[in-house]
1. State whether one or more residues within region 46-67 are assigned to a helix (DSSP H, G or I), surrounded by 22 or more Cβ atoms within 10 Å (Cβ to Cβ) and among the hydrophobic types (A, V, I, L, M, F, W, C).
2. Being of a type in the set (A, V, I, L, M) and in contact with a Pro (Cβ under 7 Å, 6 or more places away or on another chain) is the filter; apply it to region 47-80 and report the residue that is nearest to Cys191 (Cα to Cα).
3. As an exercise: evaluate Lys38 against (1) assigned to a loop (DSSP other than H, G, I, E, B); (2) open to solvent by less than 80 Å² (accessible area, probe 1.4 Å); (3) at pLDDT 95 or above and give the number of the one condition it does not meet.
4. Taking the options Lys111, Lys153, Lys147, Lys119, name whichever one is of a type in the set (Lys, Arg) and either over 29 Å from Lys400 (Cα atoms) or within 20 Å of the chain's Cα centre (by Cα) (or both).
5. Among the residues of region 146-162, write down those that are hydrophobic (A, V, I, L, M, F, W, C) and more than 11 Å from Ile112 (Cβ to Cβ).
6. Taking only region 212-256 into account, find how many residues are over 28 Å from Met121 (Cα atoms) and polar (S, T, N, Q).
7. Somewhere in region 162-175, is a residue surrounded by fewer than 21 Cβ atoms within 10 Å (Cβ to Cβ), among the hydroxyl-bearing types (Ser, Thr, Tyr), in contact with a Gly (Cβ under 6 Å, 6 or more places away or on another chain) and touching a residue at least 60 places away in the same chain (Cβ under 8 Å)?
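The values are calculated or read from the model by the stated rules, or taken from the named source; none is laboratory data. If you're wondering where the values come from, they're calculated on a predicted model, not measured in any experiment. Virtual Cβ from ideal backbone geometry, glycine too; neighbours counted across all protein chains shown. The area values use the complete protein model at the heavy-atom level, side chains included, leaving out ligands, DNA and RNA. Shrake-Rupley method; radii C 1.70, N 1.55, O 1.52, S 1.80 Å.
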Amino acid sequence: MLKQTLRTATMSRSFTSVVSKAFSEGAALDASKLQITKNPNPSTPLPNDQLKFGQTFTDHMLTIEWNKGKGWSAPEIKPYGPLVLDPSACVFHYAFELFEGLKAYRTPDNKITMFRPDKNMTRMNKSAARICLPTFDSDQLITLIGKLIEQDKNLVPTGQGYSLYIRPTMIGTTAGLGVSTPDKALLFVICSPVGPYYKTGFKAVRLEATDYATRAWPGGVGDKKLGANYAPCILPQLDAATRGYQQNLWLFGPEKNITEVGTMNAFFAFRDSKTGKNELVTAPLDGTILEGVTRDSILALARENLDPKEWDINERYCTITEVEERAAKGELLEAFGAGTAAVVSPIKEIGWNGHDISVPLLPGEQSGPLTKQVAQWIADIQYGRVSHGNWSKVVADLNKGV
């Protein structure tokens, strides 16, 4: 299976590159052409306790149109408001849509930074190329998103667990029925001030290991952030909820390899009872796994901070059978999901074969020690308490006027 999936992933990268070149004709995305129309009715920040994830939005949005003949038009920052689209636009009928999710944070010196935006832009371009939508210069879009945040920098919330969630989206807008390559597209960015994904802090979840539905498969688009990957996962989640589980632990193939948890990457920590050595495991990027920015960050930080004499950090296949057997032997230490929204989400139980696999937690707490440490490593970088290479990009200074 490994050779086949890696071969599929290589072929996917090859034709994605071909498509990307085909859609790079015309004017390139150019941040210097930005036009700004300010909202005449600026809003005041909501108290932190009133921020519901993804329900409050800033005063402005960024929009950039594209057409095959002319390329990218001049970017516009304008008041947040509805989009006007033809009812026959291809996004509605054939799912020409992709998106990203990243965050900006207030730092102790009163600046606003984005966390690893270059990784999101790379992934967004891969998604666009895969469904024949135009690609763009990553640095130009990062600059434009920075300008958008600068307009509404007073709406970026303060405090641990609070941030500005940024949602870049691209849709095909060609009008007319019939499946064909879009010749028009719209890239837009909206922002939402958000609080902690879990209001009470960490909240360990119960998962149902799911082999009756498949999230992604070799040769598909499981590694792309397309809206079409998300809607089909809701029904299995609702089904699992009827049995008391919050999310699905997605399995794939006759081996029942663990792929993802809900919409996040999955991590498991084991201890070899014979050698005493620990191992942190997550699924490899074989074309079926989303190339999570948080996943990449956790792997990098774990390799930097955990003692290699005590820990192995591996990207490998892990089956539900392995988890079940090692839990029975006391070798399962922890498990958690990782993604932009929640950063890390501890797991306490996994339903499988009619019984629950228990995942250890710290006494009286909602996570294991490694999960807690990983969350702290990332938060320290995101909120500017610790510097880590180029992971944080300053986009606004609250000490200065707009």
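1. No; the residues of region 46-67 include none that is assigned to a helix (DSSP H, G or I), surrounded by 22 or more Cβ atoms within 10 Å (Cβ to Cβ) and among the hydrophobic types (A, V, I, L, M, F, W, C).
2. Leu62
3. The number of the failed condition is (2).
4. When all the criteria are applied, what remains is Lys119.
5. Correct list: Leu148 only.
6. 3
7. Yes, because at least one residue in region 162-175 is surrounded by fewer than 21 Cβ atoms within 10 Å (Cβ to Cβ), among the hydroxyl-bearing types (Ser, Thr, Tyr), in contact with a Gly (Cβ under 6 Å, 6 or more places away or on another chain) and touching a residue at least 60 places away in the same chain (Cβ under 8 Å).
Here is a yes/no grid of residues against (1) free of Cβ contacts under 8 Å to residues at least 40 places away in the same chain; (2) closer than 15 Å to Glu334 by Cβ:
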| position | (1), (2) |
| --- | --- |
| Ser273 | no, no |
| Gly276 | yes, no |
| Ile289 | no, no |
| Gly292 | no, no |
| Arg295 | no, no |
| Ala300 | yes, no |
| Asp307 | yes, no |
| Ile313 | yes, yes |
| Arg316 | yes, no |
